[in-house]
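First up is the structure itself, then whatever we jot down about it.
The values are calculated or read from the model by the stated rules, or taken from the named source; none is laboratory data. Treat the numbers as computed from the prediction; the structure is a model and nothing was measured. Reconstructed Cβ throughout: ideal geometry from the backbone, glycine too, with neighbour counts over all protein chains shown. Remember, those area values only see protein heavy atoms, side chains included, never the ligands or the DNA or RNA. Shrake-Rupley method; radii C 1.70, N 1.55, O 1.52, S 1.80 Å.
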Amino acid sequence: FRGGAELLFDGVKKHQVTLPCQPEPWDIRNLLKWIKQNLLKEQPELFMQGESVRPGILVLINDADWELMGELDYKLQDQDNVLFISTLHGG
């Protein structure tokens, strides 16, 4: 989490997680639900909108824009690095 997004997660920038086993492969959609339930500490409306991230949150998967990877439908692989960067700024 970068660009201020880490403030919603107790200021912790990096989380290394092991996701629980489930019958279907994990995708970003399910990861976001898991993050909301397990890591997000305050103001979920500043991070999520519906089942996705808010506009203004850049998502990178292994340093590539998630739009190139299938966004919410991207199937996570072991050792993937998912980065959330807030581009929202106060004025």
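Numerical summary
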item	result
Heavy-atom SASA rank of 58, 68 (probe 1.4 Å, accessible area, largest first)	68, 58
Placed amide H near residue 2: partners under 5 Å, 5+ positions off or other chain	84, 85, 86
The chain - mean residue ellipticity at 222 nm from DSSP helices (-39,500 (n - 2.57) per run, n ≥ 4, rounded to 500)	-3500 deg cm²/dmol
Rounded tilt (10° steps) of 28-38 against the dominant C-alpha axis of the chain	60 degrees
Whole-number percent relative contact order across segment 28-82, with pairs defined as alpha carbons under 8 Å at least 6 apart	39 percent
34, 66, ranked by accessible area, largest first (probe 1.4 Å)	34, 66
Value of D in µm² per second that Stokes-Einstein yields for the chain, Kirkwood Rh from Cα pairs, at 20 °C (1.002 mPa s)	159 µm²/s
Local electrostatic count, residue 29, Cβ distance below 9 Å [Lys/Arg +1, Asp/Glu -1]	-3
List 59, 17, ordered by accessible area with a 1.4 Å probe, largest first	17, 59
Residue-count net charge about residue 15 - beta-carbon cut-off 14 Å; Lys, Arg +1, Asp, Glu -1	+2
Amide H within-cut-off set for residue 48, under 5 Å, with H built and near neighbours excluded	54
12 Å beta-carbon shell around residue 72, net charge (K/R +1, D/E -1)	-2
